[in-house]
Amino acid sequence: MSTTTSASQDVSREARGLAILLLFAAYENLLYTLCRTLLEAAAKSRAKASRLKPGIRLFLVHDELKSLMASGRRKLWKSVGPRIVSILAERPARELDMDLFPDDGSYMKSSQVAVFCEIFGFEHPGIALREVWGHIDAIVDQRNGIAHGRLAPEEVGRNYTYNDLTKLMDQWEHRWLAFLDAVESHCMRSAFYLIK
């Protein structure tokens, strides 16, 4: 086989670029699945909204809050505002919207992970994620570049050697598992969804 043929068939850069997509997909799926699991646990509690932590209550009144944002001042005092107050006093936890995710608009950047943890009352994610915390925004930017056609997988893969990517993938797995351990520890200590 000639050197030219061998070089043209080398897809290692593309593979490294696609590995970045998979890192993103792994933690995106983890957070969405974890959110749903946490909401299901809170919903099974049969608690009234007034007993739920404020972050969890947001899942009960999300539609009303969106309506409030779209309405004028008059509706704040006459319809939407009183409806929200009523819901927060009476609506049971079983009515939590399991399909919601606390989206901050950053599309899974580090600020999104921080908002997720804040809503559920977990410690700052940087504590468990350590060195991976500093890579999240770059992974999102590179993933978006590939997904939206601004960058080819080969261009992203060029930024990583095989060893760099292997190290990042090992850290990614290790730190996200540490994150899950921290969440599990928090949830096991108490009814994480209730006001103490």
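The values are calculated or read from the model by the stated rules, or taken from the named source; none is laboratory data. Given the structure is predicted, the values throughout are model-derived calculations rather than measurements. Note that each Cβ is placed from the backbone with ideal geometry, even for glycine, and that neighbours are counted across all protein chains shown. Accessible surface is based on the protein model in full, side chains and every heavy atom, while ligands, DNA and RNA are left aside. Shrake-Rupley method; radii C 1.70, N 1.55, O 1.52, S 1.80 Å.
Things to note:
Per-residue answers, yes or no, for (1) open to solvent by 40 Å² or more (accessible area, probe 1.4 Å); (2) among the polar types (S, T, N, Q); (3) touching a Gly at 6+ places or on another chain (Cβ under 7 Å):
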position	(1), (2), (3)
A15	yes, no, yes
A19	no, no, no
L22	yes, no, no
N29	yes, yes, no
T33	yes, yes, no
K44	yes, no, no
I56	no, no, no
V61	no, no, no
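- Residue match in region 184-192 (condition: without any contact (Cβ under 8 Å) to a residue 24 or more places away in the chain, of a type in the set (A, V, I, L, M) and closer than 30 Å to R46 by Cβ): yes
- Close pairs from region 134-149: first in a helix (DSSP H, G or I), partner open to solvent by 30 Å² or more (accessible area, probe 1.4 Å) and among the small types (G, A, S), Cβ under 9 Å, at least 6 apart: D137/S111; R143/A25; G145/A152; I146/A152
- The residue list E123, E118, E131 contains one member that is part of a loop (DSSP other than H, G, I, E, B) and either closer than 18 Å to A182 by Cβ or aliphatic (A, V, I, L, M) (or both), which is E123.
- When D10 is tested against (1) outside any helix (DSSP H, G or I); (2) open to solvent by less than 60 Å² (accessible area, probe 1.4 Å); (3) under 27 Å from Q142 (Cα atoms), exactly one condition is not met: (2).
- Answer residue from region 128-143, given it is under 16 Å from the mean Cα position of the chain (by Cα) and open to solvent by 30 Å² or more (accessible area, probe 1.4 Å) and is nearest to L21 (Cα to Cα) among those: R143
- Within region 39-73, the residues that satisfy the criterion of being of a type in the set (A, V, I, L, M, F, W, C) and free of Cβ contacts under 8 Å to residues at least 12 places away in the same chain are M69, A70.
- Of everything in region 107-120 that is small (G, A, S) and surrounded by 15 or more Cβ atoms within 10 Å (Cβ to Cβ), the residue that is farthest from D141 (Cα to Cα) is A114.
- Scope region 74-98; condition touching a residue at least 24 places away in the same chain (Cβ under 8 Å) and either open to solvent by 60 Å² or more (accessible area, probe 1.4 Å) or outside any helix (DSSP H, G or I) (or both); matching residues: E90, R91, P92, R94, E95, L96, D97, M98
- The listed residue being β-branched (V, I, T), modelled with pLDDT of 95 or more and within 18 Å of L34 (Cα to Cα), out of V140, V156, V115: V115
- Checking P102 against (1) over 23 Å from the mean Cα position of the chain (by Cα); (2) within 16 Å of Y193 (Cβ to Cβ); (3) in a loop (DSSP other than H, G, I, E, B), the condition it does not meet: (1)
- Yes/no for W172 being touching a His at 6+ places or on another chain (Cβ under 9 Å), buried (at least 19 other Cβ atoms within 10 Å of the Cβ) and either among the hydroxyl-bearing types (S, T, Y) or farther than 30 Å from E64 by Cβ (or both): yes
- The single condition among (1) surrounded by 15 or more Cβ atoms within 10 Å (Cβ to Cβ); (2) modelled with pLDDT of 90 or more; (3) not basic (K, R) that E40 does not meet is (1).
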